[in-house]
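These notes concern the structure reproduced below.
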There are 2 protein chains.
Amino acid sequence: MTPYGAPGASGGTDLPAELGELALRLIRIPSESGSEAAIADFVEERLRRLEFLEVSRLGDAVVARSDFGRGRRVLLAGHLDTVPDTVPAQPAELVDGAVTGRGAVDMKGGVAVLLRLAEHAVRTAGHDCTLVFYDMEEVGSHRSGMNRLSRLHPELLRADAAILLEPTGGWLEPGCQGSLRVSAAFRGRAAHTARPWQGVNAVEVALPALERCTAHKPEVVTLDGLRYPQALQVVGVAAGGDSNVVPDRCVVHLNARYAPNRTKAEVLAELRELLGPDATDLDVTLDSPAAPPALDHPVLTRLSELVEGRVRPKLGWTDVGRLAALGVPAANFGPGDPELAHGPRERVGLAELAEAYEALEKVISG
Amino acid sequence: MTPYGAPGASGGTDLPAELGELALRLIRIPSESGSEAAIADFVEERLRRLEFLEVSRLGDAVVARSDFGRGRRVLLAGHLDTVPDTVPAQPAELVDGAVTGRGAVDMKGGVAVLLRLAEHAVRTAGHDCTLVFYDMEEVGSHRSGMNRLSRLHPELLRADAAILLEPTGGWLEPGCQGSLRVSAAFRGRAAHTARPWQGVNAVEVALPALERCTAHKPEVVTLDGLRYPQALQVVGVAAGGDSNVVPDRCVVHLNARYAPNRTKAEVLAELRELLGPDATDLDVTLDSPAAPPALDHPVLTRLSELVEGRVRPKLGWTDVGRLAALGVPAANFGPGDPELAHGPRERVGLAELAEAYEALEKVISG
């Protein structure tokens, strides 16, 4: 073993460069969603060398747990997949103090941090750790490796607190908004457009609901001092087409983003009200639970102290919602600028990697 | 030759039964749109036996013209194709004083009337006649045989007046509404639904136009004593889908049905006004010209006397619009209940066939 395993020892090496090299190795293993076998093999192989970890491979997800019987269990998680390289990213290289390439920021930088924590910090940490590397995060939620784990192996995800290493630019983003997608159909009666009075135009039936949903501006909710704006958007409308027929059906898709102090049932009731009595075939097409910020949990309190006030609400939905649904207080905290994710200029700075590493090393040290 | 060629001689035979038998033969030659070769062969072969007709075959359209140098030229037209037998019609048979089967009313009954007029009335008529049998009426207007003829061989369609044998239940339906289909796009700016304030929802941009178009109730226009209701319908709306994206484009399809006293330009200007300044990419996807009733034309006046007040405006668009655009006053008049067209209970009564035949025989007799 290298001396890095000792607490604080990382300061004595070139931590940024070392994390950058590891991130680069990970970037050079292509792992578009659905093709994570090679990168999962790499991660699994590295973890199995660490005799103090119990490693489970579940499809292309890898879970590694220490079990020293320490006070608390902290779960740290990151996904192994990347979006496709449709808009090509810059080549994978170390340049100007950063690592470039597809997945650099979302989130092989974070995976490198996790892997180095396993190899150099977990054994001597004050808390037990669970490290979760999962597949298929960048595709439909129902295919996500975290979804699979939470349904089939929830015991592997049990922890006192969790940190998801999605890129947050080094900010702590506790909890997340919930996201509910709902579709509803408004019915009319088809007729020839030359005799529209024989029918009922479904677009006309849907208009008042579209007006109400568009006019609805949900309030901003403040929790643990964090402002969670809520949002309701008409994300889709589909009726008829370029034809001579009075449309008999108008389907409306809504997406509600709600603050973590509200329940799905509450939000659903509000959507029903806005859609009104003419809405039929109401269908919940996506139900991603909110996660409360839980900044009062000691593990997350510690992290919030370490980031020195760089705490902001998470607006998008992330897998912390799934962890919160399992009863695990969870927050987002990872290296790199999230705005660069999925784009042609993906990169993550070596200093950002080291900063995230050091904060997490301190969090798990207890 | 049989004696039927002599004016008035048809009264001496069983005209209804004879027309029924001919309609039945035509029904038994399947002729779904795009597969009219066999029925066009049948019609062409029958017409070529009549030495006083000049017969042209153009694809699967057949045009037969007498050229005795008589005072006026009357064009009589019918289409040879039927809709597919998706909802099966009753078997083709003569039963209870009617002919059943796919196309019975739309419009092999009418084609039988045309064919018998050619064989028994045209030679001795007071007017010269042009008989047009055409393909592809039941599909997109741009594929229609009448469209092809009007573009490539307009000289064959020249006439003083025209009667289209679409089923009208024995009513005279002069002229027709015009039909204009227009699509327009309303643009927003895409954003993640968790941060909708970074975008602009295209559905929201389109809503005022949808409101205006839905609220617009065009007036009823009276021409030649006939009331032409006009109509504007939102026939299609398409934006976004079941996603987490603020939609950046909302496409709206409109169909305007307008009275024959209005021009396309006038109606288009009105639609532009209703769509408003946010509408972009305005596209006219269908432009079917209106046909004025032209009941003051002697040929149509004569027919209106013969139907004894059973005159009503045509609401749907028919090929009379295309004939009117060529400068030929045109009306719809044909045997059978139009409500039975395309349905499982297609039929046309033998008495209806004979009635239509006798009225048209008198019209062309001059």
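Looking only at residues in segment A:282-309 that are free of Cβ contacts under 8 Å to residues at least 60 places away in the same chain and of a type in the set (D, E, K, R), the one that is farthest from the other protein chains (Cβ to nearest Cβ) is A:305. Within the set A:200, A:139, the sole residue that is closer than 30 Å to residue A:48 by Cα, open to solvent by 10 Å² or more (accessible area, probe 1.4 Å) and within 14 Å of chain B (Cβ to nearest Cβ) turns out to be A:139. Of all residues in segment A:226-276, those that are more than 7 Å from chain B (Cβ to nearest Cβ), under 25 Å from the mean Cα position of the chain (by Cα) and without any contact (Cβ under 8 Å) to a residue 60 or more places away in the chain total 6. Residues being within 11 Å of another protein chain (Cβ to nearest Cβ) and open to solvent by less than 10 Å² (accessible area, probe 1.4 Å) are entirely absent from segment B:149-166. Looking across segment B:310-349, the residues that are within 14 Å of another protein chain (Cβ to nearest Cβ) and in a loop (DSSP other than H, G, I, E, B) come down to B:312, B:313, B:314, B:315, B:316, B:317, B:318, B:341, B:342, B:343. Within segment B:229-256, the set of residues being in a strand (DSSP E or B), out of contact with any Lys or Arg (no Cβ under 9 Å at 6 or more places or on another chain) and either open to solvent by 10 Å² or more (accessible area, probe 1.4 Å) or not hydrophobic (A, V, I, L, M, F, W, C) (or both) comprises B:236, B:245, B:251.
All of B:287, B:283 fail the test of being closer than 30 Å to residue B:203 by Cβ, surrounded by fewer than 19 Cβ atoms within 10 Å (Cβ to Cβ) and within 23 Å of the chain's Cα centre (by Cα), apart from B:287. Answer yes if at least one residue in segment A:205-218 is more than 7 Å from every other protein chain (Cβ to nearest Cβ), open to solvent by 10 Å² or more (accessible area, probe 1.4 Å) and of a type in the set (Gly, Ala, Ser), and no otherwise. For segment A:205-218, residues more than 7 Å from every other protein chain (Cβ to nearest Cβ), open to solvent by 10 Å² or more (accessible area, probe 1.4 Å) and of a type in the set (Gly, Ala, Ser): present. For residue A:187, the conditions (1) within 30 Å of residue B:236 (Cβ to Cβ); (2) within 14 Å of another protein chain (Cβ to nearest Cβ) are fulfilled apart from (2).
The criterion of at least 1 residues that are open to solvent by 40 Å² or more (accessible area, probe 1.4 Å) is met by the following strands (runs of 3 or more DSSP E) wholly inside segment B:22-101: B:53-58, B:61-66, B:93-95. Would you check if there is a residue in segment B:318-331 being more than 18 Å from residue B:77 (Cα to Cα) and among the aliphatic types (A, V, I, L, M)? No, because not a single residue in segment B:318-331 is more than 18 Å from residue B:77 (Cα to Cα) and among the aliphatic types (A, V, I, L, M). Taking the condition outside the structural domain of residue A:333 (by TED's automatic domain parsing) and out of contact with any strand residue (DSSP E or B) (no Cβ under 9 Å at 6 or more places or on another chain), does residue A:265 pass? Judged against the criteria, residue A:265 is a match. Taking the numbered list (1) of a type outside the set (Asp, Glu); (2) in contact with a Leu (Cβ under 7 Å, 6 or more places away or on another chain); (3) more than 28 Å from residue B:328 (Cβ to Cβ) in turn, residue B:84 passes all entries but (2).
Screening segment B:296-309 for residues that are on the phi < 0 side of the Ramachandran plot and in a loop (DSSP other than H, G, I, E, B) and picking the one that is surrounded by the fewest Cβ atoms within 10 Å (Cβ to Cβ) gives B:296. Scan segment B:339-365 for residues that are open to solvent by 50 Å² or more (accessible area, probe 1.4 Å), touching a helix residue (DSSP H, G or I) at 6+ places or on another chain (Cβ under 8 Å) and not basic (Lys, Arg) and the total you get is 4. Among residues of segment B:171-197 being open to solvent by 30 Å² or more (accessible area, probe 1.4 Å) and more than 30 Å from residue B:295 (Cβ to Cβ), the one that is nearest to the chain's Cα centre (by Cα) is B:187.
The values are calculated or read from the model by the stated rules, or taken from the named source; none is laboratory data. Just so we're clear, the structure is a prediction, and the values are computed from it rather than from any experiment. When we count neighbours, we look across all protein chains shown, and the Cβ atoms used for this are built from the backbone with ideal geometry, even at glycine. We work out accessible area using only protein heavy atoms, side chains counted, and drop any ligands, DNA or RNA first. Shrake-Rupley method; radii C 1.70, N 1.55, O 1.52, S 1.80 Å.
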